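Trainee: Let me give you the structure first, and then I'll get to my questions.
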Amino acid sequence: MAEGWDNFLSAVYGPKLQEVDLLCEVEDPETEPFKSKEQAIGILEQLHTEACTYLKSVLARNSTSEEPPKTTSIVQGICAKLLLRIGKLCVETEQSGKGVPLVRQAVEKLERVEENLVELQEGHNTLGILECNRSEYKTAEKHLKLSEDLYLKNQIANGVEGDGKARKESMEDNYVQACFYLAQVYGYLEDPIKSAAYCSTTLGFQLKVQDRVKLDCADWAQNAAQLAGFYLSNLDFKSTAYCLGAAGVVIQNCANSDEDGKGCEDVLANIALAWAKLYSHQLSAARAAMWAGVPGQLALKATLADVSFPMTGVPVPENVHRLPTNYEEARDTFNLAMRYCRTAAEYYVLDGFVTEHVNIMMDLSVLYKDLAAFEPDPKRQMAMHLKRAKPLEVILPELNPQIFGGLTKQMGHELGEVYRTVTDLTVDHKHRPAKVCEYAERAASHYSAVLGAIEGGSGAGG
């Protein structure tokens with residue numbers, strides 16, 4: 001039996017798997033998109049049949065204690081691995097009705113066989129992804145968590161070579177895939193903190209394995225900036241700054257590379273915009289804390305997570321965890337936000353990026369509004385509010401309300417608010433009646449235009 005099995009492995013199993021690998025790499029024509037993979041399925045099914053024949057023989061010999069248990073485990077493992085690969089290929093070739101039950105059978109068999117952890121991970125990942133695509137998120141979570149646990153409980157030590165190193169890398173790759181989908185699953189399950197934690201883990205592992213798996217710097221930086229957005233929405237400024245700092249380091253390395261540097265401009269602009277939003281949120285939170293009579297530091301929420309990636313030299317501003325408490329500190333925060341807004345606006349110009357450019361101008365308006373709250377001088381307050389209006393009044397006539405109706409109404413409302421605020425300031429500080437009326441009329445004009453557009457239904461775009 002052993003001689004026949006060894007001959008099967010060396011003369012049949014190995015060469016046929018190499019043939020399957022080559023077939024799976026073939027790009028078939030659109031008329032027969034799965035031709036090569038279906039051929040691969042046929043080869044695997046034949047191998048599975050032959051392996052199962054050997055397994056029956058082994059089990060029969062076991063009953064008379066003529067076959068060592070180790071041989072039984074090896075044959076069972078190969079049968080299960082073949083079944084898993086057949087099932088996965090069936091899913092890839094849009095034969096889910098056939099493939100999914102085979103993957104489930106393979107997972108059940110692999111759970112009873114030792115030393116097949118990589119394949120068991122693959123099976124759970126496959127089922128988790130399939131359940132995720134079917135919106136069965138709790139079931140997906142179960143399989144993906146089982147895959148994660150297999151890695152965490154069976155980590156292979158560093159420094160191993162040969163098959164041990166290959167299996168270690170495969171387990172890491174499966175773990176990263178499980179974390180990637182768990183981040184999505186917890187997003188759908190409305191558990192954003194867990195979703196962010198798995199997103200962070202995924203990003204960290206992508207950096208860790210970049211020596212053997214090419215890192216898409218632009219994609220990584222974009223995802224890190226999006227993760228920063230989650231922490232920012234929870235006023236976790238420290239984690240936000242760390243993610244943005246890491247994104248900046250990675251994308252700068254990409255931009256400095258002759259091979260990968262092209263096409264990074266949009267990501268650099270998005271990172272700049274994210275920094276601007278961080279400082280803008282700080283300024284808004286500081287204004288709210290001041291009005292509420294709460295010291296700035298007490299107004300901050302606790303850090304959600306101690307985010308850390310396997311990299312050095314991540315720039316994090318020293319006082320990013322503090323809110324400004326006076327005009328000087330508020331002005332410093334304002335200037336940082338303005339600098340990043342202008343950097344982003346250099347890329348997101350009005351001609352070509354209307355929505356993005358207008359949104360940046362609206363962000364500038366909010367910055368002046370928040371800074372004005374810290375300004376004790378009424379004249380300077382008024383000047384800051386008037387600066388809110390200037391860029392919007394330049395852009396508004398340039399936009400067609402039939403195309404950018406949403407944006408024009410948004411800008412009109414903002415301008416109405418600006419001039420209403422300025423009107424209140426002129427009344428409070430006893431300006432000339434003519435000046436009061438002028439600003440009041442401007443406010444009324446913008447509000448009336450917005451109401452007219454809403455009533456007339458002009459424009460749904462923007």
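The values are calculated or read from the model by the stated rules, or taken from the named source; none is laboratory data. Bear in mind the structure is a predicted one, so any value in this text is a computation, not a measurement. With ideal geometry, Cβ positions are generated from the backbone for all residues, glycine too; neighbour counts draw on all protein chains shown. Only protein heavy atoms, including side chains, enter the accessible area calculation; ligands, DNA and RNA are left aside. Shrake-Rupley method; radii C 1.70, N 1.55, O 1.52, S 1.80 Å.
Trainee: So which residues in the range 377-397 are among the hydrophobic types (A, V, I, L, M, F, W, C) and under 14 Å from Glu414 (Cβ atoms)? Before the answer, list the steps.
Mentor: From the range 377-397, those among the hydrophobic types (A, V, I, L, M, F, W, C) are 382-384, 386, 389, 392, 394-396; that's our starting set.
Leu386, Ala389, Leu392, Val394, Ile395, Leu396 - these are the residues of the range 377-397 that are among the hydrophobic types (A, V, I, L, M, F, W, C) and under 14 Å from Glu414 (Cβ atoms).
Trainee: Here's something else I'd like to know. Suppose we keep only residues that are open to solvent by 70 Å² or more (accessible area, probe 1.4 Å) and of a type in the set (Asp, Glu) within the range 309-337. Which one would you say is farthest from Leu207 (Cα to Cα)?
Mentor: So the residue we want is Glu328.
Trainee: Conditions: (1) farther than 24 Å from Tyr327 by Cα; (2) part of a helix (DSSP H, G or I); (3) of a type in the set (S, T, N, Q); (4) not assigned by the TED database to the domain that holds Thr333. Thr355 meets all but one. Number of the miss?
Mentor: Checking Thr355 against (1) farther than 24 Å from Tyr327 by Cα; (2) part of a helix (DSSP H, G or I); (3) of a type in the set (S, T, N, Q); (4) not assigned by the TED database to the domain that holds Thr333, the one that fails is (4).
Trainee: Determine, yes or no, whether Leu283 is under 26 Å from Tyr348 (Cβ atoms), of a type outside the set (S, T, N, Q), modelled with pLDDT of 90 or more and open to solvent by less than 40 Å² (accessible area, probe 1.4 Å).
Mentor: Values: under 26 Å from Tyr348 (Cβ atoms): yes; of a type outside the set (S, T, N, Q): yes; modelled with pLDDT of 90 or more: yes; open to solvent by less than 40 Å² (accessible area, probe 1.4 Å): yes.
Answer is yes for this residue.
Trainee: Tell me the residue from Thr355, Thr333, Thr408, Thr423 that is over 30 Å from Glu265 (Cβ atoms) and among the β-branched types (Val, Ile, Thr), please. Step through it out loud before you land on a result.
Mentor: On the way: Thr355 fails: over 30 Å from Glu265 (Cβ atoms); Thr333 fails: over 30 Å from Glu265 (Cβ atoms); Thr408 fails: over 30 Å from Glu265 (Cβ atoms).
Sole residue among the options that is over 30 Å from Glu265 (Cβ atoms) and among the β-branched types (Val, Ile, Thr): Thr423.
Trainee: Tell me which of these Gln402 doesn't satisfy, since it passes every other one: (1) in a helix (DSSP H, G or I); (2) open to solvent by 70 Å² or more (accessible area, probe 1.4 Å); (3) not β-branched (Val, Ile, Thr).
Mentor: Checking Gln402 against (1) in a helix (DSSP H, G or I); (2) open to solvent by 70 Å² or more (accessible area, probe 1.4 Å); (3) not β-branched (Val, Ile, Thr), the one that fails is (1).
Trainee: Continuing with this model, one more query. Restricting to the range 380-399, name every residue that is in contact (Cβ under 8 Å) with a residue 40 or more places away in the chain and either in a helix (DSSP H, G or I) or open to solvent by less than 10 Å² (accessible area, probe 1.4 Å) (or both). Walk me through how you get there before you give the answer.
Mentor: Of all residues in the range 380-399, those in contact (Cβ under 8 Å) with a residue 40 or more places away in the chain come to 381-382, 385, 395, 398-399.
Answer for the range 380-399, where residues must be in contact (Cβ under 8 Å) with a residue 40 or more places away in the chain and either in a helix (DSSP H, G or I) or open to solvent by less than 10 Å² (accessible area, probe 1.4 Å) (or both): Gln381, Met382, His385, Ile395, Glu398.
Trainee: Count, please, the residues in the range 198-232 that happen to be surrounded by fewer than 20 Cβ atoms within 10 Å (Cβ to Cβ) and hydrophobic (A, V, I, L, M, F, W, C).
Mentor: Of the residues in the range 198-232, 4 are surrounded by fewer than 20 Cβ atoms within 10 Å (Cβ to Cβ) and hydrophobic (A, V, I, L, M, F, W, C).
Trainee: Go through the range 1-45 and give me each residue that's open to solvent by 60 Å² or more (accessible area, probe 1.4 Å) and over 30 Å from Thr71 (Cα atoms).
Mentor: The answer is Glu25, Val26, Glu27, Pro29, Glu30, Thr31, Glu32, Pro33, Lys35, Glu38.
Trainee: Being farther than 21 Å from Ile74 by Cβ and free of Cβ contacts under 8 Å to residues at least 60 places away in the same chain, is that true of even one residue in the range 112-124?
Mentor: Restricting attention to the range 112-124, the residues satisfying the condition of being farther than 21 Å from Ile74 by Cβ are 124.
Those still in the list that are free of Cβ contacts under 8 Å to residues at least 60 places away in the same chain too: 124.
Scanning the range 112-124 turns up at least one residue that is farther than 21 Å from Ile74 by Cβ and free of Cβ contacts under 8 Å to residues at least 60 places away in the same chain.
Trainee: For Leu364, indicate whether it is open to solvent by less than 30 Å² (accessible area, probe 1.4 Å) and touching a Pro at 6+ places or on another chain (Cβ under 9 Å).
Mentor: Values: open to solvent by less than 30 Å² (accessible area, probe 1.4 Å): yes; touching a Pro at 6+ places or on another chain (Cβ under 9 Å): yes.
Against the criterion (open to solvent by less than 30 Å² (accessible area, probe 1.4 Å) and touching a Pro at 6+ places or on another chain (Cβ under 9 Å)), Leu364 qualifies.
Trainee: Something else about it: Please enumerate the residues belonging to the range 177-186 that are in contact (Cβ under 8 Å) with a residue 24 or more places away in the chain and crowded, with 19+ Cβ neighbours inside 10 Å.
Mentor: Within the range 177-186, the first condition is being in contact (Cβ under 8 Å) with a residue 24 or more places away in the chain, and the residues that meet it are 177-179, 181-182, 184-186.
Correct list: Gln177, Ala178, Cys179, Tyr181, Leu182, Val185, Tyr186.
Trainee: Can you name every residue in the range 12-32 that is under 14 Å from Gly42 (Cα atoms) and charged (D, E, K, R)?
Mentor: Lys16, Glu19, Asp21
Trainee: While we're on this one: May I ask you to list the residues in the range 109-157 that are modelled with pLDDT of 95 or more, assigned to a helix (DSSP H, G or I) and open to solvent by 60 Å² or more (accessible area, probe 1.4 Å)?
Mentor: Answer for the range 109-157, where residues must be modelled with pLDDT of 95 or more, assigned to a helix (DSSP H, G or I) and open to solvent by 60 Å² or more (accessible area, probe 1.4 Å): Lys138, Lys142, Lys145, Leu146.
Trainee: Only one of Asn270, Asn223, Asn253 is modelled with pLDDT under 90 and assigned to a helix (DSSP H, G or I); which? First the steps, then the outcome.
Mentor: Numbers: Asn270 fails: modelled with pLDDT under 90; Asn223 fails: modelled with pLDDT under 90.
Going through Asn270, Asn223, Asn253 in turn, the sole match is Asn253.
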